[in-house]
Amino acid sequence: MAALKQEEMVGLADKAVNLAQRKGADEAEAYVYQGLTTGVSIERGQINRSSRIIDRGLGVRVIVNKATGFSYTNILESQAAIEETVVKALNFAKASKQDQNWQGLPTKKAFASVEGTYDNRILELDSEDLVKIAATMLDAAEKMDSRVFPIEGGVGASYLCKAIANSNGVEGFDHGTIFECSLETIAKGEGEVTPVCFEFNIERKYDINPEWVGKEAARLAVTALKAKRTETKSINILFTQFALQQLLQYTLINAVKADYVQRNQSAFKDKIGEKVASEIVTIYDDGLFNGGIRTWKFDGEGVPRQKTPIIEKGVLRSFIYDNYTAKKEGKESTGNASRAGYLSTPNVEATNFHIMPTRKSPEELISGLKEGLLVYYLQGAHSSNPASGEFSVVATPAWKIENGEIAYATKGAMLAGNIFQVLTNISELANNDRKIGELVAPWVLVENVKVIGK
Amino acid sequence: MKDILSKTIDVAVEKYGAEYAEVRAQRLVKTMLTLEEERVEAAKQGIENGAALRVLVNGAWGFASVGASDAESLTSAISDACKMAKAVASRLRKPIKLVEADTVEDKVSITPRKDPAEIPIEDKINMTLTMSKVILGYDRRIKSCTVNYLDLTGTNYFMNNEGTYIKQDKLYVWSRLLATAVEQGVFTFSREEIGSTAGHEVFDIETPEIVGERVAKRAVEQLKAKPLKGGTFPAVLGPNVVGVFVHEAFGHLAEADLTLSGSVLLDKLGKKIASNVVTFYDDGSIEGAFGSFKYDDEGVPTRKTLLVKDGVVVGLMHNRETAQKFNAELTGNARAEDFRFEPIIRMRNTFMEPKDHSFEELVEDMKFGYYFKSFRGGQANLDGTFQVGIQEAYKIVNGEVGAPIRNASISGNTLETLLKVDAVGKDFELWPGRCGKGQTAFICDGGPHIRVREVLVGGSA
């Protein structure tokens, strides 16, 4: 199966939109997605497999009398299958219910210009190249310490492209690359196994450091040995980006999505202009972030990506919108419509949710703490209450900080609280920005979080 | 189809010298609905057609997935898979071997009483709208609800180079209802799922009215619930929480790939890890259950697998690779979400066996503790640290279930906690759910009510 070219993808999207209009759609939109991923995997200390996944398809959204139908197919070689997809979307729109709030698909706007999202070198990598990179990472981990066992990991190189067209004249194509490596490790001590430790690099360019990932994954596991239980008390917590991403993904990030706000599921409703976080907190949803994992020229509806202020110096500035939620309030979309390739209709999602760093190094933050907990990973963040922001999670592993130094690993420490309280209790932000999923952030120091121990 | 698959496999074996080759071709149709309050976001349907090709060459795995099922695409994809396996084999320390499996030729047809493919989309829209209306109409404090619906039908063709050829129908129906209630700055959230492999008739039992009311009632009752103080307490766990505990806290550790990766069960086979009243199964053969199927994605028949018997670990869940390593019998736990994924070890319907206690007997001697009735989510770690978030819980005071509490979660070490299970109820419930392990699997979990002498409870008060 040969890869589709730009013209083919755009042509297919145009064709589907035209066909839908000819067959009676009031409005139509077509989204063509193609993803090619080559990967090698590490399992239990050895590189044991390689894979190649080619996934592509067409999703068609049509509106008839303010009711929406959607259909997709991954059979793109057949004219009949494409026609069938368009007809199915139309029939489903006709069977569906009218939505009085529907005010049309997006109109044409100039796309944003983005940087650092495509690297030709990633396309040229084959399994043999990836095996070498995985071997570098694995060797680095194993050389660190004989107690380290790399349990899972891998290297992946992806090429993604998207084309969109709609009946308002929106038409676009964008492509990008993603290159990543990751390693999960545990360490085995005397009668003791650590929780899973994890490191990774993900970049849009050929710019990852497998050796660092291997070493760091191993170092974390070794230092997680000899874990002790902690006491129940409120202390200062230093969250790494891993823990922060897990915590925010189900709470704060949802709270700034316009659909959550409009549907009474956000504690931020009616709070624009109010102080919701400590003064040092500034957050942008930056769809244009240079080299950002979610940086693209346009969003899932063909609206240009943009940089939207969410919180500035602790004050709530804006929510994030797709076309539907924006029009409901007479506003413009912030370019936050996201899609699961060709398989789904758009929904509101953060792009690169950027918590702005400040000047202090992570080491300085640690040395400034008389007592604290350095939390790397969380377990159970997905069971947070998405509406209230309340969480009750386990820190595995975490490290106790005493007198400005990392003293020992802890086990089974639970953290409980409310994310909105956490925001107002942020006292320091480090300078070590990094990308994890939709989050770009430094380490964050939060005062006075409830820890439940033995 | 059989011819195409057979020729594809020949390429792997004859041209590339693969010691093992399999092709899994699928054609799936999915119908989906999302309702936000009474707004039908869109009525959706899609077709997915594709194949997964997996080979062992020189002891290394190669895998290719392609959105096509024609001879040319499959030949090219399996050639890719073989070349990739060779690239990996150069670095291999221990070649991968598979345990022998019986060859099977079979055709598995599903004959649902109510075939979702035959039900008009209008009826599905009306059913989900009823769910929304029941939830929103339950109480004025319910401020929003989301209803998702999915049905999936299709056919799976599996062939390997050992002579197995299986044509197997697939059918899943699933729905999820979410409700939020708000009163004086307190937000509550409630969730329910319905899932079946039998057919649309599941909605005749779990009707929109019954499930809608269940989810709405919980959201409203949680409004008066109070945050709890964290610490170590005795607890009674309901079947829904026992299910997720068995699945998350124990089940994942007993997936043989994770056991080999160093889960705390690795050196516990044949040993006692739980109190005498604890018996666990993973069973793929429960008719109509959300985690059931006849053959797994390596062509191995599913079965009922005993994992823990009277507190002793007696079995793990296997694929052909891990069964070889453990010299164990095949269990039929290799599952792939679809043709985009490789089969990996997954649970099916995982549960605890009921014993003899009534609910009253479990509660009556407890001076102070908690009753955890329904879960919101759960997660486990290889070292045995588990966390289960709770969406419905109550205090137990002097042997009686009392005031509701909110936003609790329970945690601890699986093995320590299993030894503290001191009584097991005689009731039984099985709940459908979805499990993530890099890919999604439809599963069930459940059990009876149980009592645990102590468990770590996280709360913010």
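The values are calculated or read from the model by the stated rules, or taken from the named source; none is laboratory data. Fair warning: this is a prediction, and the values are worked out from it, not measured in the lab. Here Cβ is always computed from backbone atoms with ideal geometry, including for glycine, and neighbour counts include all displayed protein chains.
Could you check, for region B:199-213, whether at least one of its residues is of a type outside the set (Val, Ile, Thr) and in contact with a Phe, Trp or Tyr (Cβ under 8 Å, 6 or more places away or on another chain)? Walk me through it before giving the result.
Of all residues in region B:199-213, those of a type outside the set (Val, Ile, Thr) come to B:199-201, B:203-204, B:206, B:208-209, B:212-213.
Retained after the next criterion (residues that are in contact with a Phe, Trp or Tyr (Cβ under 8 Å, 6 or more places away or on another chain)): B:212-213.
Within region B:199-213, one or more residues are of a type outside the set (Val, Ile, Thr) and in contact with a Phe, Trp or Tyr (Cβ under 8 Å, 6 or more places away or on another chain).
Of everything in region A:62-75 that's touching a helix residue (DSSP H, G or I) at 6+ places or on another chain (Cβ under 7 Å) and at the interface with chain B (Cβ under 8 Å from one of its Cβ atoms), which residue is surrounded by the most Cβ atoms within 10 Å (Cβ to Cβ)? Show your work before the answer.
Initially, region A:62-75 is screened for residues touching a helix residue (DSSP H, G or I) at 6+ places or on another chain (Cβ under 7 Å), giving A:62-64, A:67-73, A:75.
From the residues that got through so far, the ones that are at the interface with chain B (Cβ under 8 Å from one of its Cβ atoms) too are A:67-73, A:75.
On the way: A:67: 20, A:68: 26, A:69: 30, A:70: 28, A:71: 27, A:72: 26, A:73: 24, A:75: 20.
Within region A:62-75, the match that is surrounded by the most Cβ atoms within 10 Å (Cβ to Cβ) is A:69.
Limited to region B:61-99, what total is found for residues that are facing chain A (nearest Cβ under 9 Å) and closer than 30 Å to residue A:76 by Cβ? Before the answer, list the steps.
Within region B:61-99, the subset facing chain A (nearest Cβ under 9 Å) is B:61-68, B:70, B:72-73, B:76-77, B:80-81, B:83-88, B:90-94, B:96.
Now drop any that are not closer than 30 Å to residue A:76 by Cβ, which leaves B:61-68, B:70, B:72-73, B:76-77, B:80-81, B:83-85, B:87.
Looking only at that region, the number is 19.
Restricting attention to region A:308-327, which residues are assigned to a helix (DSSP H, G or I) and either within 17 Å of the chain's Cα centre (by Cα) or of a type in the set (Gly, Ala, Ser) (or both)? Full working, then the answer.
Step one: of region A:308-327, the residues assigned to a helix (DSSP H, G or I) are A:323-327.
The one that is assigned to a helix (DSSP H, G or I) and either within 17 Å of the chain's Cα centre (by Cα) or of a type in the set (Gly, Ala, Ser) (or both): A:326.
Could you list all residues from region A:63-91 that are part of a helix (DSSP H, G or I) and either over 18 Å from residue A:166 (Cα atoms) or outside the structural domain of residue A:28 (by TED's automatic domain parsing) (or both)? Outline the logic, then answer.
First pass over region A:63-91, keeping only residues part of a helix (DSSP H, G or I): A:79-91.
Answer for region A:63-91, where residues must be part of a helix (DSSP H, G or I) and either over 18 Å from residue A:166 (Cα atoms) or outside the structural domain of residue A:28 (by TED's automatic domain parsing) (or both): A:79, A:80, A:81, A:84, A:91.
Tally up the residues in region B:128-166 that are assigned to a loop (DSSP other than H, G, I, E, B) and under 28 Å from residue B:337 (Cβ atoms), please.
Initial filter on region B:128-166 (assigned to a loop (DSSP other than H, G, I, E, B)): B:139-141, B:161-164.
Checking which are under 28 Å from residue B:337 (Cβ atoms) leaves us with B:161-164.
Going through region B:128-166 one residue at a time, the tally reaches 4.
What tally of residues in region B:167-200 results from selecting those that are in contact (Cβ under 8 Å) with a residue 60 or more places away in the chain, in a strand (DSSP E or B) and either at the interface with chain A (Cβ under 10 Å from one of its Cβ atoms) or under 18 Å from residue B:434 (Cβ atoms) (or both)? Break it down into steps so the answer makes sense when it comes.
Start the filter on region B:167-200 by keeping residues that are in contact (Cβ under 8 Å) with a residue 60 or more places away in the chain, which leaves B:167-172, B:174, B:188-191, B:193-200.
Narrowing the set further to residues that are in a strand (DSSP E or B) leaves B:167-172, B:174, B:188-191, B:193-196.
Narrowing further to those that are either at the interface with chain A (Cβ under 10 Å from one of its Cβ atoms) or under 18 Å from residue B:434 (Cβ atoms) (or both): B:170-172, B:174, B:188-191, B:193-196.
The total comes to 12.
If I go through region A:356-410 residue by residue, how many of them are charged (D, E, K, R) and within 18 Å of residue B:383 (Cβ to Cβ)?
Of the residues in region A:356-410, the ones charged (D, E, K, R) are A:359-360, A:363-364, A:370-371, A:390, A:400, A:402, A:405.
From the residues that got through so far, the ones that are within 18 Å of residue B:383 (Cβ to Cβ) too are A:400.
Result for region A:356-410: 1.
Out of A:295, A:194, I need the residue that is outside the structural domain of residue A:414 (by TED's automatic domain parsing) and either basic (Lys, Arg) or closer than 30 Å to residue A:133 by Cα (or both). Which one?
Details: A:295 fails: outside the structural domain of residue A:414 (by TED's automatic domain parsing).
The match here is A:194.
Which of the residues belonging to region A:390-421 are in a loop (DSSP other than H, G, I, E, B) and more than 8 Å from every other protein chain (Cβ to nearest Cβ)?
Filtering region A:390-421 for residues in a loop (DSSP other than H, G, I, E, B) gives A:396-397, A:403-404, A:411-412.
Of everything in region A:390-421, those that are in a loop (DSSP other than H, G, I, E, B) and more than 8 Å from every other protein chain (Cβ to nearest Cβ) turn out to be A:397, A:403, A:404.
Test of understanding: among B:13, B:40, B:29, which residue is surrounded by fewer than 20 Cβ atoms within 10 Å (Cβ to Cβ), in contact with a helix residue (DSSP H, G or I) (Cβ under 9 Å, 6 or more places away or on another chain) and either touching a residue at least 40 places away in the same chain (Cβ under 8 Å) or closer than 30 Å to residue A:102 by Cα (or both)?
After applying the criteria, what remains is B:29.
Which ranges mark the helices (runs of 4 or more DSSP H) fully within region B:201-303 that have 3 or more residues being within 14 Å of chain A (Cβ to nearest Cβ)? Outline the logic, then answer.
Working: elements: B:202-205, B:208-221, B:239-244, B:256-260.
Output list reads B:208-221, B:239-244, B:256-260.
Out of A:166, A:91, A:120, I need the residue that is buried (at least 20 other Cβ atoms within 10 Å of the Cβ) and not charged (D, E, K, R). Which one? Don't jump to the end; show me each part of the working.
Working: A:91 fails: buried (at least 20 other Cβ atoms within 10 Å of the Cβ); A:120 fails: buried (at least 20 other Cβ atoms within 10 Å of the Cβ).
Within the list A:166, A:91, A:120, the selection yields A:166.
Kindly indicate the residue of region A:431-454 that is assigned to a loop (DSSP other than H, G, I, E, B) and within 14 Å of another protein chain (Cβ to nearest Cβ) and also nearest to residue A:199 (Cα to Cα) among those meeting that condition. Break it down stepwise before answering.
Keep residues of region A:431-454 that are assigned to a loop (DSSP other than H, G, I, E, B), which gives A:431-433, A:437-438, A:442-443, A:453-454.
If we keep only those that are within 14 Å of another protein chain (Cβ to nearest Cβ) too, we end up with A:453-454.
Numbers: A:453: 26, A:454: 29 Å.
Among them, the one singled out is A:453.
Out of the strands (runs of 3 or more DSSP E) lying entirely within region B:365-407, which hold 1 or more residues that are among the β-branched types (Val, Ile, Thr)?
Details: elements: B:368-380, B:385-397, B:400-406.
Strands (runs of 3 or more DSSP E) meeting the threshold: B:385-397, B:400-406.
Just one of the numbered conditions (1) of a type outside the set (A, V, I, L, M, F, W, C); (2) closer than 30 Å to residue A:136 by Cβ; (3) not in a helix (DSSP H, G or I) is not true of residue B:41; which one?
Of everything listed in (1) of a type outside the set (A, V, I, L, M, F, W, C); (2) closer than 30 Å to residue A:136 by Cβ; (3) not in a helix (DSSP H, G or I), residue B:41 misses just condition (2).
Tally the residues that are away from chain B (no Cβ under 14 Å), in a loop (DSSP other than H, G, I, E, B), closer than 17 Å to residue A:294 by Cβ and in contact with a strand residue (DSSP E or B) (Cβ under 6 Å, 6 or more places away or on another chain), restricting the search to region A:328-363.
Of the residues in region A:328-363, 7 are away from chain B (no Cβ under 14 Å), in a loop (DSSP other than H, G, I, E, B), closer than 17 Å to residue A:294 by Cβ and in contact with a strand residue (DSSP E or B) (Cβ under 6 Å, 6 or more places away or on another chain).
Are any of the residues in region A:22-37 in contact with a Pro (Cβ under 9 Å, 6 or more places away or on another chain), within 13 Å of residue A:341 (Cα to Cα), in the same structural domain as residue A:182 (by TED's automatic domain parsing) and not hydrophobic (A, V, I, L, M, F, W, C)? Spell out how you get there, then give the answer.
So in region A:22-37, the residues in contact with a Pro (Cβ under 9 Å, 6 or more places away or on another chain) come out as A:29, A:31.
Checking which are within 13 Å of residue A:341 (Cα to Cα) leaves us with A:31.
Going one step further and asking which of them are in the same structural domain as residue A:182 (by TED's automatic domain parsing), we end up with A:31.
Still in the list and also not hydrophobic (A, V, I, L, M, F, W, C): A:31.
So far as region A:22-37 goes, yes, one or more of its residues are in contact with a Pro (Cβ under 9 Å, 6 or more places away or on another chain), within 13 Å of residue A:341 (Cα to Cα), in the same structural domain as residue A:182 (by TED's automatic domain parsing) and not hydrophobic (A, V, I, L, M, F, W, C).
Being more than 18 Å from residue B:390 (Cα to Cα) and either part of a strand (DSSP E or B) or more than 12 Å from chain A (Cβ to nearest Cβ) (or both) is the filter here; which residues of region B:419-438 pass it?
B:419, B:420, B:421, B:422, B:423, B:424, B:425, B:426, B:427, B:428, B:436
Identify, from the list B:232, B:305, the residue that is of a type in the set (Val, Ile, Thr) and modelled with pLDDT under 95. Explain how you work it out, then say what you get.
On the way: B:305 fails: modelled with pLDDT under 95.
Just a single option satisfies the conditions, and that option is B:232.
Quickly run through region A:346-381 and pick out the residues that are over 19 Å from residue A:423 (Cα atoms), out of contact with any helix residue (DSSP H, G or I) (no Cβ under 6 Å at 6 or more places or on another chain) and among the β-branched types (Val, Ile, Thr).
Of everything in region A:346-381, those that are over 19 Å from residue A:423 (Cα atoms), out of contact with any helix residue (DSSP H, G or I) (no Cβ under 6 Å at 6 or more places or on another chain) and among the β-branched types (Val, Ile, Thr) turn out to be A:351, A:366.
Report whether or not residue B:84 is touching a Ser or Thr at 6+ places or on another chain (Cβ under 6 Å) and over 24 Å from residue A:70 (Cα atoms). Write out each step before concluding.
Working: touching a Ser or Thr at 6+ places or on another chain (Cβ under 6 Å): yes; over 24 Å from residue A:70 (Cα atoms): yes.
Answer is yes for this residue.
Sort through B:101, B:68, B:52, B:43 and tell me the only one that's within 22 Å of residue A:341 (Cα to Cα), in contact with a Leu (Cβ under 7 Å, 6 or more places away or on another chain) and among the small types (Gly, Ala, Ser). Explain how you work it out, then say what you get.
Working: B:101 fails: within 22 Å of residue A:341 (Cα to Cα); B:68 fails: in contact with a Leu (Cβ under 7 Å, 6 or more places away or on another chain); B:52 fails: in contact with a Leu (Cβ under 7 Å, 6 or more places away or on another chain).
Only one candidate passes the filter, namely B:43.
Quick check: anything in region B:261-281 under 29 Å from residue B:107 (Cα atoms) and touching an Asp or Glu at 6+ places or on another chain (Cβ under 8 Å)?
Pass one, region B:261-281, residues under 29 Å from residue B:107 (Cα atoms): B:281.
Of the ones still in play, those that are also touching an Asp or Glu at 6+ places or on another chain (Cβ under 8 Å) are B:281.
Looking for residues that are under 29 Å from residue B:107 (Cα atoms) and touching an Asp or Glu at 6+ places or on another chain (Cβ under 8 Å), one finds at least one in region B:261-281, hence yes.
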